[in-house]
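> Sharing a structure, written as structure tokens. Questions coming.
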Amino acid sequence: MKRVRDWLDVRLGASALYKGVLDRDMPDRLTWWHTLGSATFTTFVLLVVTGIVIATYYSASPVHAYDSVWYLQNEVLGGALIRGMHHWSASAMVVLLIAHMIRVFTWGAYKYPREANWWVGVLLFIVVMGFSFTGYLLPWDQKAYWATQVGIGIAGTTPVIGDVAATVLRGGPELGAGTLARFYAFHTLWLPGALGLLVLVHMSLVVRHGIAPEARALEAGAPKSTSHPEYPAYYDQAYAASKSGRKKFWPDIIAKDIVVSVVVVALIMALALRFGAGLEPPANPSDASYVPTPEWYFLPLYQLLTLVPGSLESLVAVGVPTALILALLALPLVDRRSKRSIWRRPLAAGALVFVLAGSGYLIGTATRARTFEAPEQVGPPIPASARTGAALYRANGCSDCHSIAGEGGNEGPELTDIGMRHTVGWLHSFIEDPARFHEDSDMPSFGLPQLTHQEVEELSLYLETLRGDALPSEQPEFFDTFPPIGR
Amino acid sequence: MPRGFRCPRYARAPTLRTPKQFSVTIMKRRSFLKLISAVGSGLIGLALGVPVVAAFLSPVFRKRRAEAWVALGEAEFFDWDVPIRVDIPQTVQDVWVESRILRSVWLYTQDGEEFTVYNGRCTHLACQYAWDEETDVTFHPESDVFHCPCHHAIFRVTGEVIRGPAPRPLDTLEWKVEGGILYALYVDFRPGISDKVPV
């Protein structure tokens, strides 16, 4: 047994990996705040796995996207839960990522020697925002369509490159099939690849530099600036002194991480089970009344735009996020004082309070300004062909004579529950030649050349979906009578 | 353990008395933490694993499509003593995609009152068979047989297998006449086996 283990170890190097990664001494005093990074990673794992299931039941075409999501939500065992977990994990990831960033900021952990890892972290933040933006469109419901329309609209107001940027995002002149395919490719291929790679670098750098200890451990007797020639030597000595050999990465640190991750997953499961992920009616590009809501973490920017005059809008929309990202990237280069604790860095503390309070205020006013209505509960989607039929119904003035649910004329019979009384085949024959059924029928023929055979079929399929107040379980009772053959 | 600000812990010597006590306390603590880690990751794995596996296996648990009576035509107008093929165009829901498919049945009557209705799929491998009135020297010496073009299964008008690879007679369907209209209860059966088992 031991020989087998040794043989394998020479080939696989597991014990070297164990020594180099897991069995390392850690600073004695690491707080629960130090678990935020690993909790973010847990949400990443959740998102990848639930995302694969969603992709299994997804079709990235405007014709089928909504129906496929509806199918997952309503027909797949555990499908609603999977969608809920994906949705809430995404929100949890943003919360945890920002909290992790605040922890690193207040501990001064972006300073020597972890500057590069801070940059990797900022890139991770950008990639996560990209995930959020591209994922929003995929269900192809009203919210998805209109929020993306607005998002691309904002990108389009960028000075100089706006037009090109918007066209590239849309994959064409209009938001449509090309947009959906490219958002899907980014959401499931490009971005996961980028995120995986960045996470790998991020974690390797944590292994390389170790976890940052409490700020105090690196402050007593330190040179004033981290670029002081003696700072590296001071740092090495102080960091080594923060470890007495009592805490190992495994199991001391990892156990704590797992405990927090269990709490996070439990919360996500509770939210997924209780609220799930919403699904609004299918995207309707001709609906002019729909007011889209951005995801909550875009709300500060959204609200900021309502506060500035129109001429400044494009400047704010693109300028504020860009400035924020640039400030974050520049931070480790600009701030090279050796003081780490937030209590001894009044300027940094002020900036943090300003950004957090500002975002909080904007989210607050945005929430109050809008009433967030629960998404409308919708029945089974109308099949694609019947949707065309509904358009034909409107286009051919059927409602001039017929009424559905009180809308329309009353020259002809009401059609509210026509689907409960006649089959598609009967409706098709009737629409093509009503006089064949009733010699004194006032209804004109809608067969050729009015409508093609295909169109009459689509119209009939639409009419079949009209079931009045009937419950889905109720079987229709058909009263089809055909005229004698030979007429 | 006093937690003072005057003298940071890292500057102090370890407070445990002997190296042996130190290691015993630490080792106990570590095996407890390892247990916690195992239980914790197990819980996370379960929370994630159960819905994921359920969703992948979901097609196994889906209900069969409801059977439907299909109108084939007016009973009295069907020819006698010769099988007639009736095509049934149907709109079906293939997961989230709606599509049109063509199914067919063969029906046979000798008096316009009693009918035999066969599912149009061959019992061998579900190809569409056809009615041959005349001897086809390449495949069968008999006249008036059902002949499946895929692997040349030959059936009598009564549905029995004359020769070929078909494992069972043609599949009959339930039928009824209501208001002069002949209806069949369309069901597909599993091909390739000797028992008639609905799909």
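The values are calculated or read from the model by the stated rules, or taken from the named source; none is laboratory data. For clarity, every value in this text was computed on a predicted model and none was experimentally measured. Reconstructed Cβ throughout: ideal geometry from the backbone, glycine too, with neighbour counts over all protein chains shown. Each accessible area value is taken on the protein alone, full model and side chains, heavy atoms only, with ligands, DNA and RNA left out. Shrake-Rupley method; radii C 1.70, N 1.55, O 1.52, S 1.80 Å.
> Answer yes if at least one residue in the stretch B:79-98 is within 20 Å of B:Thr172 (Cβ to Cβ), at the interface with chain A (Cβ under 10 Å from one of its Cβ atoms) and among the aliphatic types (A, V, I, L, M), and no otherwise.
No, that holds for no residue.
> Can you tell me which condition B:Thr15 does not meet? The list is (1) open to solvent by less than 90 Å² (accessible area, probe 1.4 Å); (2) out of contact with any helix residue (DSSP H, G or I) (no Cβ under 7 Å at 6 or more places or on another chain); (3) at the interface with chain A (Cβ under 9 Å from one of its Cβ atoms); (4) at pLDDT below 80, and all the others hold.
(3)
> Assess whether A:Tyr302 counts as being surrounded by fewer than 20 Cβ atoms within 10 Å (Cβ to Cβ) and among the aromatic types (Phe, Trp, Tyr).
On the way: surrounded by fewer than 20 Cβ atoms within 10 Å (Cβ to Cβ): no; among the aromatic types (Phe, Trp, Tyr): yes.
Taking the combined requirement at face value, the residue does not satisfy it.
> Quickly run through the stretch A:445-465 and pick out the residues that are modelled with pLDDT of 85 or more and open to solvent by less than 50 Å² (accessible area, probe 1.4 Å).
A:Phe446, A:Leu451, A:Val456, A:Glu457, A:Glu458, A:Leu459, A:Ser460, A:Leu461, A:Tyr462, A:Leu463, listed by residue number.
This table checks each residue for (1) open to solvent by less than 90 Å² (accessible area, probe 1.4 Å); (2) in a loop (DSSP other than H, G, I, E, B); (3) modelled with pLDDT under 90.
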| site | (1), (2), (3) |
| --- | --- |
| B:Val60 | no, no, yes |
| B:Arg64 | no, yes, yes |
| B:Ala71 | yes, no, yes |
| B:Trp80 | no, yes, no |
| B:Val86 | yes, no, no |
| B:Pro89 | yes, no, yes |
| B:Ser99 | yes, no, yes |
| B:Leu102 | no, no, yes |
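> Among the candidates A:Asp252, A:Asp257, which residue alone is under 19 Å from A:Val21 (Cβ atoms), out of contact with any strand residue (DSSP E or B) (no Cβ under 7 Å at 6 or more places or on another chain), in contact (Cβ under 8 Å) with a residue 40 or more places away in the chain and within 11 Å of chain B (Cβ to nearest Cβ)?
Numbers: A:Asp252 fails: out of contact with any strand residue (DSSP E or B) (no Cβ under 7 Å at 6 or more places or on another chain).
A:Asp257 is the lone residue from the list that is under 19 Å from A:Val21 (Cβ atoms), out of contact with any strand residue (DSSP E or B) (no Cβ under 7 Å at 6 or more places or on another chain), in contact (Cβ under 8 Å) with a residue 40 or more places away in the chain and within 11 Å of chain B (Cβ to nearest Cβ).
> Identify the single condition in (1) within 14 Å of chain B (Cβ to nearest Cβ); (2) at pLDDT below 95 that A:Trp107 does not satisfy, given that it satisfies every other one.
(1)
> Also, I was wondering about something else. Can you name the condition, by its number, that A:Val265 falls short on among (1) open to solvent by 40 Å² or more (accessible area, probe 1.4 Å); (2) closer than 30 Å to A:Gln73 by Cα; (3) assigned to a helix (DSSP H, G or I)?
Failing condition for A:Val265: (1).
> So, one more: Within the stretch A:79-104, count every residue that is within 13 Å of chain B (Cβ to nearest Cβ) and open to solvent by 30 Å² or more (accessible area, probe 1.4 Å).
Going through the stretch A:79-104 one residue at a time, the tally reaches 4.
> Now for a separate question. Report yes if B:Glu114 is free of Cβ contacts under 8 Å to residues at least 40 places away in the same chain and away from every other protein chain (no Cβ under 14 Å), otherwise no. Break it down stepwise before answering.
Numbers: free of Cβ contacts under 8 Å to residues at least 40 places away in the same chain: yes; away from every other protein chain (no Cβ under 14 Å): yes.
Criteria met by B:Glu114.
> Of the residues that make up the stretch A:55-69, is at least one open to solvent by less than 20 Å² (accessible area, probe 1.4 Å), within 15 Å of A:His187 (Cα to Cα), among the aliphatic types (A, V, I, L, M) and within 14 Å of another protein chain (Cβ to nearest Cβ)?
Looking for residues that are open to solvent by less than 20 Å² (accessible area, probe 1.4 Å), within 15 Å of A:His187 (Cα to Cα), among the aliphatic types (A, V, I, L, M) and within 14 Å of another protein chain (Cβ to nearest Cβ), one finds at least one in the stretch A:55-69, hence yes.
> Another question, then. Could you please give the count of residues in the stretch A:202-242 that are open to solvent by 30 Å² or more (accessible area, probe 1.4 Å) and at the interface with chain B (Cβ under 8 Å from one of its Cβ atoms)?
Total meeting the criteria: 3.
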